[in-house]
Amino acid sequence: MVYLAGEARNTTRNIPTPAADSARFCITDDDVLELAAYALAIEQHYQRPMDMEWAKDGLDGKIYIVQARPETVASQRQVNELESHVLDGTGKVIITGRSVGEKIASGPARVISDVAHLNEFKPGEILIADITTPDWEPVMKMAAAIVTNRGGRTCHAAIIARELGIPAVVGAGNATSTIVDGSLITVSCAEGDTGRIYESAVPFHVERTAVGDIARPVTQIMMNLGNPDLAFKTSFLPNDGIGLARMEFIINESIKAHPLALIHPERVDDPDEQVAIKNLLRGYPSGEAFFIEKLSEGIGTIAAAFWPKPVVVRMSDFKSNEYAWLLGGKYFEPVEPNPMIGFRGAARYAHPAYVEGFRLECLALKRVRETMGLSNVIVMLPFVRRVKEADDVLAKMAEFGLKRGAHGLQVYAMCEIPNNVILIDQFAQCFDGFSIGTNDLTQLTLGVDRDSELVAFDYDERDDGVKAMIKLAVEGCARNGIHSGLCGQAPSDYPEMAAFLVEIGIESMSLNPDTVIATTRHVLAIESSLKRAPRDLKPILPH
């Protein structure tokens, strides 16, 4: 819209935006930082959240604040609340499965048979699918609830549903053929381990209890998070930081393309994918710059929301089949019969087939820590099979500017393979801490495919063998003077597991946000019974 002066009367006219302008960002990074400084100064002056409007003058190029008034919506939301969903009625049960979370949702069912039909999904619908993979996540963000035929409590759908705070029923068998597309249904995860899908809309209500100032247990209560959009909201919950920040969500949601396809677009043969990648890179000097900036912005948002508390960022842990779903991914990934125990985690990082992608991940984290100044970020390596592998990856990290110990950088590893526990004294020389991943540790200790509903009954973190592994890991960390934590769902789902972890002296538990308050109270009760006094400090409130 351009201003027309000097005519019969001053007016405006709409003209097509020049192509060169369409391909660049409207404002620069310097403009963004200038606006941020203005916003901080204005809120400091008025001592309250403010709603501000601004304009950039087309003649002098300066930024002007044109309005500032009290913000009265977002700042009034109560985030320090404990929610309980309660059914007020009953109905015909269509199908059952394993419940994820403790919430209830009603809405129209949308049966999606494959990724090609995801565009048919509408916000507020209930997603019915055989199983989900990372490329489904944009739709999952819009869903009121999720129901899958396959999968257990630690499958992709379960993990994402917990993070988004929506109910999910997994391993429901033949949900896609039993539930009628478009029919009104109710998904209930508020009735224990069994999740039920009811015909029609069953009435329910939500009970909310204000948390207030909750004491801090000796055991640190941290959170699992991958979605930067949820970072500032969840930072208001009583917490000790982020124990697991998943890089995969940011890559899938904000970057969308395989890192090697961004570095070598000439190796992507599909014309549609070529166009899609070209469109992603508009406004960026290169694919490398795009990946580094997008990933660092996502991680930086999480780190800023929880500053100065620690934020443990796990390097990418896509399986090869999941990486193949990214734009251009099929040209760079192998086809494996069992990706769950294949080319994943640390095995990729120093390998010629992926080392260029790992370099971009390291440069993004270096930007977060050193350029953005968010030194509360701790780097964590997943699925480190052997001590030599740990040494090789740490050497590559140092080569790419992330040297353990430099600028205070700490490096953790996931303790999720039996070999990590057996050789913990050797692994402890490589790392500053371990986060026990009960999902994979249970799978590999019991020999149970955690994605298979057929053997889901044998997948149990409470098994004596799994608990023995966890205890040995915690004792090994203490013996070597490094941090011990756990980032699985077990202490949230099973109160007896929380008690077990407290009793063996684990330093931290990292949970999904919707279980933080209830688990904190439970841990306080356990510590009280063990005569451990709460930490002598007020709740750490967000800045």
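Express in nm, to one decimal, how much length is gained between Thr90 and Asp193 on full extension, taking 0.36 nm for each residue of separation and deducting their alpha carbon distance. Don't skip to the end; give the middle numbers.
Working: separation 103, 0.36 × 103 = 37.08 nm, distance 1.75 nm.
Additional length available on full extension: 35.3 nm.
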Segment Ala289-Ala478, length gained on full extension (0.36 nm per residue, minus Cα span): 64.0 nm
Inter-site label distance for Ile63 and Lys141 at 7 Å from Cα along Cβ, in nm: 2.3
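Round to the nearest 0.05 the FRET efficiency obtained for Ala201 and Gln274 when R0 = 30 Å and r is the Cβ-Cβ distance. Display every interim value, and only then the final one.
Details: r = 46 Å, r/R0 = 1.52.
The pair Ala201/Gln274 has a calculated efficiency of 0.10.
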Estimated translational D of the stretch 88-139 in µm²/s (Stokes, Kirkwood radius over Cα pairs; 20 °C; 1.002 mPa s): 166
The chain, dipole about Cα centre (Lys/Arg Cβ +1, Asp/Glu Cβ -1), debye to the nearest 20: 840
D (Stokes-Einstein, µm²/s), Kirkwood Cα radius, the stretch 94-218, 1.306 mPa s at 10 °C: 109
Where labels lie 7 Å past Cα in the beta-carbon direction, separation of Asp114 and Ser528 in nm: 5.6
Quarter of the Cα convex hull surface for the chain, i.e. its orientation-mean projected area (nm²): 28.9
At R0 = 56 Å, FRET efficiency that the Cβ-Cβ distance of Met1 and Arg386 yields, to 0.05: 0.35
Placed amide H near Ile95: partners under 5 Å, 5+ positions off or other chain: Ile197
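In whole percent, what relative contact order does the chain give with Cα contacts below 8 Å and a gap of six or more residues?
For the chain, the relative contact order is 14 percent.
Rounded to the nearest 20 Debye, what is the dipole magnitude of the stretch 434-543 about its Cα centre when Lys and Arg each give +1 and Asp and Glu each give -1 at the C-beta? Working shown, then result.
On the way: 10 positive and 17 negative charges, 151 e Å.
The calculation lands at about 720 debye.
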³J(HN,Hα) computed for each position of the stretch 240-250 - Karplus, 6.51 cos²θ - 1.76 cosθ + 1.60, integer Hz, glycine/proline x: 10, x, 9, x, 7, 9, 7, 6, 4, 4, 5
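Between Met372 and Gln44, what FRET efficiency comes out of the Förster formula 1/(1 + (r/R0)^6) with R0 = 22 Å and r the beta carbon distance, rounded to 0.05? Could the numbers behind the result be given before it?
Working: r = 21 Å, r/R0 = 0.96.
Efficiency for this residue pair is about 0.55.
Subtracting the Cα-Cα distance from 0.36 nm times the residue separation, let me have the gained length for Asn174 to Lys403 in nm, one decimal.
Numbers: separation 229, 0.36 × 229 = 82.44 nm, distance 4.97 nm.
Stretched out fully, the Asn174 to Lys403 stretch lengthens by 77.5 nm.
Grab the DSSP H runs of the chain that are 4 residues or longer, score each as -39,500 (n - 2.57), total them, divide by all residues and round the 222 nm result to the nearest 500 deg cm²/dmol.
Taking each H run of at least 4 residues, the total per residue is -9000 deg cm²/dmol.
So, by mean Cβ neighbours within 10 angstrom, what's the order for 26-39, 160-173 with the highest one leading? Each step should come with its number before you reach the end.
On the way: 26-39: 12.0, 160-173: 24.4.
Sorting 26-39, 160-173 by mean packing, highest first, produces 160-173, 26-39.
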Rounded to whole Hz, the Karplus (6.51, -1.76, 1.60) HN-Hα couplings of the stretch 283-293, x for glycine and proline: x, 10, x, 6, x, 4, 4, 4, 4, 4, 5
Karplus (6.51, -1.76, 1.60) ³J(HN,Hα), θ = phi - 60°, over the stretch 389-405, in Hz, Gly and Pro reported as x: 4, 4, 4, 5, 5, 4, 5, 5, 4, 4, 4, 9, x, 10, 8, 3, x
Percent RCO, i.e. relative contact order, over the stretch 115-154, from Cα pairs under 8 Å lying at least 6 residues apart: 45
Residues whose placed amide H lies under 5 Å from that of Ala168, excluding near-sequence neighbours: Val100, Ile146
Rh (Kirkwood; distinct C-alpha pairs) - the stretch 450-498, Å: 12.3
Relative contact order (percent, whole number), the stretch 23-167, Cα cutoff 8 Å, 6+ residue spacing: 15
Span from the the stretch 473-510 Cα centroid across to the the stretch 1-65 one, whole angstrom: 51
Other-chain or far-sequence residues with amide H under 5 Å of Val311's (modelled H): Ile242, Val377, Ile378
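None of the figures in this text is laboratory data; all of them are computed from the coordinates on show. This one's a predicted model, so the numbers in the text were calculated from it and none came from an experiment. Reconstructed Cβ throughout: ideal geometry from the backbone, glycine too, with neighbour counts over all protein chains shown.
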